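Since the structure comes first, as structure tokens, the remarks are kept for the end.
The values are calculated or read from the model by the stated rules, or taken from the named source; none is laboratory data. All of these numbers come straight from a predicted model, not from anything done at the bench. Every residue, glycine as well, gets a Cβ built from its backbone with ideal geometry; the counts of neighbours run over all protein chains shown.
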Amino acid sequence: MSAVKRQAVSLPGVVYAVEQCERHLILLSTKAKTVDLMEHFKRSTARDFRIVTSVVEQTLNKEEDRPKKKRKKNDSSSASEAGA
């Protein structure tokens with residue numbers, strides 16, 4: 001779970017760095033009118049989001065607390081017969 005928190009913290013910084021790189025390429029491309037620097041660079045979409053760590057933690061805790069059920073082979077056939 002600590003790895004998820006670290007990734008959640010670093011993700012906005014990575015997105016910002018990519019957007020700044022794209023912005024600088026666009027500026028350089030307009031200054032150098034003979035070369036298209038954005039030719040092989042996919043333009044990103046607008047990203048305006050915020051990761052709510054408390055919701056992520058609650059979801060992870062629910063998944064950890066949920067007991068893992070083992071299905072028996074007969075359970076799936078009896079469930080289909082009960083529904084019919």
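Observations on the model:
- Residues in region 1-34 that are closer than 19 Å to residue 59 by Cβ and loosely packed, with under 11 Cβ neighbours inside 10 Å: 4 in all.
- Residue selected from region 27-64 under the condition assigned to a loop (DSSP other than H, G, I, E, B) and among the β-branched types (Val, Ile, Thr), by the criterion modelled with the lowest pLDDT: 45
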